[in-house]
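Working notes for the structure below.
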Amino acid sequence: MRPVAPVKTLRIDGRDLSGRQEETILDVARQNGIFIPRLCEMDGLTDVGACRLCLVEIKGQNKLLPACVTSVEEGMEVTTDSERLQGYRKMILELLLTERNHVCSVCVSNGHCELQMLAQRLGITHVHFPYRFPKEEVDASHDRFVIDHNRCILCTRCVRVCDEIEGAHTWDIMGRGIDAKVITDLNEPWGTSETCTSCGKCVHVCPTGALFEKGRSVAEMLKRRQFLPYLTMMREENE
Amino acid sequence: MTPEELDQIAETEREAQSKFTQRVNVCVAAGCLSCQSQSVKDALDQEVTRRGTKDHCQVKGVGCMGLCSEGPLVSTNTGVLYKKVEATDGGAILDSLDGAPVSRLVCPTDVPFFQRQKKIVLENSGIIDPDRVEDYVAANGYTALIKALTEMTSREVTEQITRSGLRGRGGAGYPTGLKWSTVSKSVGTQKYVICNADEGDPGAFMDRSVLESDPHRVLEGMLIAAYAVGASEGYIYVRAEYPLAIKRLRTAIRQAEHIGLLGSNICGTRFSFRVDLRLGAGAFVCGEETALIASVEGKRGTPRPRPPYPAMEGLFGAPTLINNVETFANIAPIIRNGGEWYAGIGTEKSKGTKVFALAGRVENTGLVEVPMGISLREMVFDIGGGIPDGRKFKAVQTGGPSGGCLPSDCLDMPVDYESLARAGSIMGSGGMIVMDESSCMVDVAKYFMDFCMTESCGKCIPCRVGTYQMHRILTAIGNMTATPQDMKMLEELCDLLKHTSLCGLGQSAPNPVVSTLRSFAEEYRAHIEDHKCPAGVCGAQPAEERETA
C-alpha cells in the first residue's frame, strides 16, 4: 500500500484551503498569503505560543487558540482578523511597547524591526497604557555583538536558535514575570561566555534591535534570516 | 507482599493496640507543632514512663484534628478533646483518663464545627500515626489496593471512579474518571502518574495536612491510579516549603517499598510501580500541570500551550496522569465502598466531600471536610462559628488568586463547582478566607494581583506585562490617585488577560478584580471619586494608625 499523507481541508477567513495533518493553522495561512501577526514564532524553531499575537478564533471553540501551535483539522473554520482579535493584538503590542524602552529614532533596527512594522501594520498610533521606563543594561562585552535589554521583548528566539540549531545553549532566561530577562551562561558578561561560539545566529533571529552587530549605526542593522529555514531543511534531508 | 501477609500485619497491629486500655493522641501536624505540640507529647511520654504505665497507656503522635486555631490539640480514648494544651498539663490529662475530664482544657466536640463535617479524605487524620504504616494498615489501609489488584481489572477500577462522579480537587473540577480512561487509552509503553502537591494558594493548607496526617493514603491512591492507567512510574511534586510533609512522605515511601507495596510485581501480580519525590523550588506557576511537568523534567518551570494535554503527551512525552493530593486521597474509599456509595454524597454534579482550609475572620479556623452542596452560610456561621468581635460579615474569598470574593447575598448558595463558578469565583483547591467589614475589597484585589504579578513566569506577554499594569492601577486606586480612565483600562486588561493568556495563572488572574468589581463597585467608586476608603484600610494614613485600625 502506498503511504497516504493525511490531508485536511479547512476554511480560513472564508477561503477553502487544505493542509497536511502535521501543519499548523499558521503554516497554511502563510502558504496562502493570509497574514497572521506573530513575534515569537519563527520558521525553523520550535513553537512556544508565547507572544499570543497569532491567536485566532475557531468556530465551535470558546477559547482563542494560537495559530502557531494549533494543528489543522478537517472542517475547521478559522477567523484570523476579527475586530475582537485586532483589539487584543493592539493591546498586547501596546503592553510590549510600555514594558521596556523602545525608542525607534535611535535604534539600530529602525525601519527593519518586526515590532515596529507590526505596530505600524496594526495601526498603533499611540499607547494608552503608561510606560514603565525601566533601567535596563546594555552588555557590549562581546567582540562582535551587543545585547541591549531595553529593546528585548523576551520572544526567546535567541534562546531557541542557540539551543536547537547551534547546540550551544548559551542563552537562557532568568527571573520571573516582569523581571524575566535573557542571559548568557549563568548571567555572566557575554564576552566572557565559554559556551558562545560567536556564530551570530541569535543576532539575526532577534526581531528587534535588542541583539545587533557592533559598528552599526541607527537603522543600519539588517537581519538575514534566510539561513534558518535552509539549515533546517538541509538537516532534515540528511537525516 | 501477599494479601494474607497484609492481613497479618493488620492483625498484629490491632492486637498490639488492644493491649492499651488508655490512649492519648497528640496532634503533630505542622499547625499544632508550631504551637509546641512536640513538647506536649514529650512531656506526656515522660510522665507515662515515670508512672510506669507504659504497657497500658499509649501516647501517640497523630495528624491534624482540624481545629488548628485552638492547638495544640490532644484527644483521649475517653472521647475528650483538649485544646491549647501545654507541656505542664500532661499529668492532669493522664489523671483524667480514670476520672473526670480536665474542664479548663476541654474543647467541646458537640458543636457544628465537628458535627457538620463528613470525613472521607480525613477519616484517618488525627487517629493514626502518620509515621507508621502498620497503623495505616490496621485502619483498613491498602485493602483497596489489594482489592483492585486481585479482584478487579484496570477497566473496572476506572469504571468505579467514573461512577463515583469524583472531580479533580485541584480546582478546575475535571472528571477524574474521564481523565483516567483517557490516559489508559493513550498509546505508550511507558506512562506516568504524577501527584500534584504544589499547593500554593495563600491561606490554603489542605494538601499539606493530608500529606502530614495520612501519607500512605495518597500513595495508595497513586498505586490504584497507576494500575488503572497502566503506569509503572510516579512522581510526587511537593513544594519544598513543606519539610514535614516531605519527611513523612519519604518515610511512607520507604515503608511501602519495605513491605513490597511499591516496587516490582506487587502482590505477586505483574503490576510494578515506583514513586519518587520532586521538590518544587517556590514557583506558584509550577502547580500548573504543564509547568509542573517541565519542572520534573529538569527544565525551567513554565507552562506550554495545551493541547496536547498531558494525558496524551506529558512527562518526557509519555501519557501522564496528573491529579491533586486530595483527589488521590479519595480513591481508596471509593474502591473500598464502590462508586455508587461516593456518588450518593454531595450534589447532582459535584459528588463527595471537599476539604477546606477555613481561615480569616471567623471564630474557628482550621481544616474541615464537608459534603458538597453545603451552603456558604453554614460554612461561615455554623462551622466557622461566625465573625468574631461582633463585626459584620463582608465577603468570603474562595479559590485563592484564581478565585473571587463572594458577598453576603451569595451566602445561601451551595458550595459546589457550578454554583461557585456562576457567582464569579471558583471552587479552587479549597482555600476559604472569610473577611469582615474591616477588609477593603480594593486592597484584597491588589493583594492577589501583587501575588499574580510576582508569580507570573513571564513567558506570555498578557500575563507578564498585564499583571504589572493591573497592579499599578490597583495601587493607584488604593492611593486615591486613580482616574476614571484607569478604571476603564482595568476592565480592558481583565478581559485581555482572561482571553489571551497562555495558562490558567494569567487567565484567572483578573478573577479577584472582576468579582470585587461586580459585588463591591461602590468601594472602587469611593476610592476614585471621593478619595476615601470606606473600610479605612487604603490611603495615605500613617503606618501605625493603619495597624491599630
Problem set entry | Unmet criterion (only one of (1) free of Cβ contacts under 8 Å to residues at least 12 places away in the same chain; (2) of a type in the set (A, V, I, L, M); (3) within 14 Å of chain B (Cβ to nearest Cβ)) for residue A:117 | (3)
Exercise. Which one of the conditions (1) in a loop (DSSP other than H, G, I, E, B); (2) within 11 Å of another protein chain (Cβ to nearest Cβ); (3) surrounded by fewer than 19 Cβ atoms within 10 Å (Cβ to Cβ) does residue A:81 fail to meet, given that it meets all the rest?
Worked result: (2)
For this session: Kindly indicate whether residue B:428 is touching a helix residue (DSSP H, G or I) at 6+ places or on another chain (Cβ under 6 Å), more than 14 Å from every other protein chain (Cβ to nearest Cβ), surrounded by fewer than 21 Cβ atoms within 10 Å (Cβ to Cβ) and part of a loop (DSSP other than H, G, I, E, B).
Result: no
Seminar exercise, completed: Within segment A:104-114, residues touching a residue at least 60 places away in the same chain (Cβ under 8 Å) and within 19 Å of residue A:213 (Cβ to Cβ) come out as A:106, A:107, A:108, A:109, A:110, A:111, A:112, A:113, A:114
Seminar exercise, completed: Result of the Cβ filter at 6 Å on segment B:91-103, keeping first residues that are under 19 Å from residue B:39 (Cβ atoms) and partners that are modelled with pLDDT of 90 or more and not hydrophobic (A, V, I, L, M, F, W, C), at least 6 apart or interchain, is B:91/B:47; B:94/B:47; B:102/B:96
Exercise. If a residue has to be more than 14 Å from chain B (Cβ to nearest Cβ), in contact with a helix residue (DSSP H, G or I) (Cβ under 8 Å, 6 or more places away or on another chain) and assigned to a loop (DSSP other than H, G, I, E, B) to count, how many in segment A:125-139 make the cut?
Worked result: 2
Exercise. Which number in (1) surrounded by fewer than 19 Cβ atoms within 10 Å (Cβ to Cβ); (2) more than 14 Å from chain A (Cβ to nearest Cβ) marks the one condition that residue B:307 misses?
Worked result: (2)
Seminar exercise, completed: Residue hits (segment A:24-45; at pLDDT below 95 and either part of a helix (DSSP H, G or I) or surrounded by fewer than 17 Cβ atoms within 10 Å (Cβ to Cβ) (or both)) are A:43
Exercise. Do any residues in segment B:314-326 that are farther than 20 Å from residue B:219 by Cα have Cβ atoms under 6 Å from those of residues that are acidic (Asp, Glu) and crowded, with 24+ Cβ neighbours inside 10 Å, where the two are at least six apart or on different chains, and which pairs are they?
Worked result: none
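Results for (1) more than 9 Å from every other protein chain (Cβ to nearest Cβ); (2) under 22 Å from residue B:290 (Cβ atoms); (3) in contact with a helix residue (DSSP H, G or I) (Cβ under 7 Å, 6 or more places away or on another chain), shown as yes or no for each residue.
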site: A:48; (1), (2), (3): no, yes, no
site: A:53; (1), (2), (3): no, yes, yes
site: A:62; (1), (2), (3): yes, yes, no
site: A:71; (1), (2), (3): no, yes, no
Exercise. For residue B:422, are the conditions met, namely being of a type in the set (Lys, Arg) and within 14 Å of another protein chain (Cβ to nearest Cβ)?
Worked result: no
For this session: Could you tell me whether any residue of segment B:240-263 is among the aliphatic types (A, V, I, L, M), assigned to a helix (DSSP H, G or I) and closer than 21 Å to residue B:506 by Cα?
Result: no
For this session: Can you give me the number of residues within segment A:61-90 that are without any contact (Cβ under 8 Å) to a residue 60 or more places away in the chain and under 23 Å from residue B:304 (Cβ atoms)?
Result: 14
Problem set entry | Matching residues, segment B:459-480, being in a loop (DSSP other than H, G, I, E, B) and out of contact with any Ser or Thr (no Cβ under 8 Å at 6 or more places or on another chain) | B:479, B:480
Seminar exercise, completed: Among the residues of segment B:81-104, the number that are surrounded by fewer than 20 Cβ atoms within 10 Å (Cβ to Cβ), under 33 Å from the mean Cα position of the chain (by Cα) and under 19 Å from residue B:45 (Cβ atoms) is 4
For this session: Check A:202, A:162, A:155 and return the single one that is in contact (Cβ under 8 Å) with a residue 60 or more places away in the chain and either at positive phi or surrounded by 15 or more Cβ atoms within 10 Å (Cβ to Cβ) (or both).
Result: A:155
Exercise. Can you find a residue in segment A:177-193 that is within 14 Å of chain B (Cβ to nearest Cβ), under 17 Å from residue A:205 (Cα atoms), of a type in the set (Ser, Thr, Tyr) and in contact (Cβ under 8 Å) with a residue 12 or more places away in the chain?
Worked result: no
For this session: State whether one or more residues within segment B:343-364 are over 26 Å from residue B:426 (Cα atoms) and hydroxyl-bearing (Ser, Thr, Tyr).
Result: no
Seminar exercise, completed: Being of a type in the set (Lys, Arg) and more than 30 Å from residue B:148 (Cβ to Cβ) narrows B:84, B:60 down to just B:84
For this session: Kindly list the number of the only condition in (1) within 18 Å of the chain's Cα centre (by Cα); (2) farther than 16 Å from residue A:210 by Cα; (3) within 14 Å of chain B (Cβ to nearest Cβ) that fails for residue A:171.
Result: (2)
For this session: Tell me, yes or no, whether segment B:212-230 has at least one residue that is hydroxyl-bearing (Ser, Thr, Tyr) and in contact with a strand residue (DSSP E or B) (Cβ under 6 Å, 6 or more places away or on another chain).
Result: no
Exercise. Which of the residues that make up segment B:450-466 are buried (at least 24 other Cβ atoms within 10 Å of the Cβ) and more than 7 Å from chain A (Cβ to nearest Cβ)?
Worked result: B:452, B:463
For this session: Out of B:497, B:502, B:474, B:490, report the one residue that is within 28 Å of the chain's Cα centre (by Cα) and more than 9 Å from every other protein chain (Cβ to nearest Cβ).
Result: B:497
Exercise. Listed residues A:164, A:136; which is over 27 Å from residue A:229 (Cα atoms) and under 22 Å from the mean Cα position of the chain (by Cα)?
Worked result: A:136
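Table: residues versus (1) over 30 Å from residue B:509 (Cβ atoms); (2) without any contact (Cβ under 8 Å) to a residue 40 or more places away in the chain; (3) in a helix (DSSP H, G or I).
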position: B:159; (1), (2), (3): yes, no, yes
position: B:170; (1), (2), (3): no, no, no
position: B:173; (1), (2), (3): no, no, no
position: B:224; (1), (2), (3): yes, no, yes
position: B:227; (1), (2), (3): yes, no, yes
position: B:234; (1), (2), (3): yes, no, no
For this session: Might you check whether a residue that is within 14 Å of the chain's Cα centre (by Cα) and either within 21 Å of residue A:113 (Cβ to Cβ) or outside the structural domain of residue A:44 (by TED's automatic domain parsing) (or both) occurs anywhere in segment A:175-187?
Result: no
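The values are calculated or read from the model by the stated rules, or taken from the named source; none is laboratory data. Note that the structure is predicted; figures quoted are calculated from it, not measured. With ideal geometry, Cβ positions are generated from the backbone for all residues, glycine too; neighbour counts draw on all protein chains shown.
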